[in-house]
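Heads up: the structure comes next, in structure tokens.
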Amino acid sequence: TEKTMDKLVALCKNRGFVFAGSEIYGGLANTWDYGPLGVEMKNNIKRAWWKKFVQENPYNVGLDCAILMNPQTWVASGHLGGFSDPLMDCRECHERFRADKLIEDYCAKTGEELPKPIDAFSQAEMKSFIDEKNICCPTCGKHNFTDIRQFNLMFKTFQGVTEDAKNTVYLRPETAQGIFVNFVNVQRTTRRKLPFGIGQIGKSFRNEITPGNFIFRVREFEQMELEFFCEPGTDLEWFAYWRGFCKQWLLSLGMKEENLRLRDHDPEELCFYSKATTDFEFLFPFGWGELWGVADRTDYDLTQHQNTSGKDLTYFDQEKNTRYIPYVIEPSLGVERSFLAFLADAYDEEVVGQDKRGNDDIRTVLHLHPALAPYKAAVLPLSKKLSPAAEEIYHDLQKEFMVDFDDAGSIGKRYRREDEIGTPYCITVDFQTVGDETTPADHAVTVRDRDTMEQVRIPVSELKAWLAEKLAF
Ligand code: ATP
């Protein structure tokens, strides 16, 4: 059976992972709200990142910066000048396109190779390529485009009561700049020596022209970014280190290696300030797409901020008795994109037998890593009569883990419901657990494994420790 975006979207909607934003008002294009299960999974992804990149990491510390920043930040970072997309309209059907994407799609379809990476094309070069190759509008099939114009992707708003230019502020398009402007604050207060890194998780906003593919490209999203500062000359080693560390993080959360590819940028493709960049690409149901960008950004950002602010952003290396601007390695990952990747990776439809008519019996299951699963376990009383005993176990487990409780329907149906939302363990409370006139209580429960569907009997008193061990990440 095929894994399609439609199936993932339907599961997300029906089971309470992701809803269309502002639905009762007809929605707001490309906004999504995370339901009871979605918020758990999102938090689990962020927790898993924070644990490995900050909490357990010998080099890194955390930070949480404001979304609104002094606009000079965006002058320094280049976002007020260059952070824009080349846009073009079809004169026939008035559809709007990104010229670079149109060219990329054309090349993907025809197998034609570009003389240089698309990022190195000027606006005029894109336009003449599109005309030369007679590339047509994907919507109406005609070749009649407007000129290309640049469009700034930053959301603009006003701070204070007057809506004029001097009160204009922007919603940050990345979390990274908050880290750069706080480099000295963090270094001074933590008395860290290089190399060290600063991690941050937070919302970013980009007025994307072509959002879509569900939560893959949205206008409001969260990023998990690390800026790792090191001595110039050691940067390529640290780049390799973080490239490997990031890959390991994904694999340790169960991502299948065959769905992941690390694409190193060729020298011509690199941004002018970058010495090395790797795009981690994931095989989404709609094709390969960027998941994680890891880049050696040299001393570009700190130098820009030093020049624009006039503040000294150098680091004094006591051992070497020299002062320099550190180089920086940046792994930048989107929360929603990784949510979609983990979900797609985990989704499966398995034939688990035959029904009475001899048709395949198919179960939908999310083989999510337990650390990412919304519920760690579900407590299921075999009969409603057992609900009080089951509730007691449920309330006890709830103190440590997100746990579901379900006493409605046949046990088989309840297992299936839990499989579909990725609950790794189903805990069944039966008559033996509590005992009756004929059988003494064994004070144990049956625990069913989501992936193997095997069952083991575990004493209730050992349940918490057993689960904790299984869920460790
Ligand atoms: P793309 O080429 O897909 O637009 P990008 O190269 O602009 O991405 P970066 O600026 O490197 O992306 O952002 C780092 C990470 O943030 C991306 O790898 C992705 O996981 C996430 N991200 C960026 N833009 C979006 C978006 N519009 N929606 C969701 N996640 C995003």
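Nothing in this text is a laboratory measurement; each read-out follows from the coordinates by a stated rule. Because the structure is predicted, anything quoted here is derived from the model rather than measured. Cβ placement follows ideal geometry from the backbone for every residue including glycine, while neighbour counts extend to all protein chains displayed.
Some points to look at:
- Highest-first arrangement of 134-143, 301-310, where packing means the average Cβ count within 10 Å: 301-310, 134-143
- Using alpha-carbon coordinates, inclination of helix 123-132 to the longest axis of the chain, degrees: 80
- One Cα centroid belongs to the range 374-450, the other to the range 43-117; the line between them spans 45 Å.
- To the nearest ten degrees, helix 36-50 and the longest principal axis of the Cα atoms of the chain are 60 degrees apart.
- Shape category assigned to the range 191-259 from the gyration tensor of Cα positions, a/c cut at 1.5: oblate
- Sequence-distant residues sharing a close amide H with residue 91 (under 5 Å, placed H): 144, 145, 146
- Think of it this way: in the chain, 12, 65, 107, 136, 230, 246, 271, 426 stand alone, with no other Cys Cβ under 4.7 Å.
- Taking a straight Cα-Cα cut-off under 18 Å and skipping sequence neighbours fewer than 8 places away in the same chain, the aspartates and glutamates within cross-link reach of residue 399 are 40, 391, 462, 469.
- Beyond 26 Å in Cα-Cα separation lie the following of the pairs 42/101; 51/256; 275/320; 256/376; 356/470; 13/247: 42/101; 356/470; 13/247.
- The range 124-235 shape via C-alpha gyration tensor axes, a/c threshold 1.5: prolate
- Local electrostatic count at residue 203 - Lys and Arg +1, Asp and Glu -1, tallied over other residues with Cβ under 15 Å: -2
- Annotation: the residues 169, 429, sorted from fewest to most other C-beta atoms within 10 Å of their own C-beta, follow the order 169, 429.
- Debye intensity ratio in log₁₀ form over the Cα atoms of the chain, taken at each q of 0.07, 0.12, 0.13 Å⁻¹: -0.47, -1.16, -1.29
- Taking a Cβ cut-off of under 15 Å around residue 304, the surrounding Lys, Arg, Asp and Glu residues balance to a net charge of -4, with basic ones at +1 and acidic ones at -1.
- Mean ellipticity per residue at 222 nm, deg cm²/dmol - from DSSP H runs of n ≥ 4 across the chain, formula -39500 (n - 2.57): -9000 deg cm²/dmol
- In the chain, the DSSP beta bridges split such that about 85 percent are antiparallel, to the nearest 5.
- For the range 106-118, Karplus couplings with θ = phi - 60° (6.51, -1.76, 1.60), whole Hz, Gly/Pro x: 4, 5, 4, 6, 8, x, 5, 9, 7, x, 8, x, 4
- Size of charge dipole - the range 375-471 - debye, nearest 20, with Cβ of Lys, Arg +1 and Asp, Glu -1, no other charges: 220
- Each residue of the range 65-71 is assigned a 3J(HN,Hα), and the resulting list reads 9, 5, 6, 8, 10, 3, x Hz, derived from the Karplus form 6.51 cos²θ - 1.76 cosθ + 1.60 (θ = phi - 60°), x at Gly and Pro.
- Charge tally around residue 158: other residues with Cβ under 11 Å, Lys/Arg +1 each, Asp/Glu -1 each, net 0.
- Set of aspartates and glutamates near residue 52 by C-alpha distance (under 13 Å), chain-local residues within fewer than 8 positions excluded: 225
- For the range 323-419: rounded, prolate or oblate by the Cα gyration tensor [a/c cutoff 1.5]: oblate
- The packing ranking, built from the mean of other Cβ atoms within 10 Å per residue, places the peptides 253-262, 322-331 in the order 322-331, 253-262, highest first.
- For the range 378-473, GluC sites (Glu not before Pro) meeting the loop criterion (DSSP other than H, G, I, E, B) and having at most 15 other Cβ atoms within 10 Å: 400, 437, 454.
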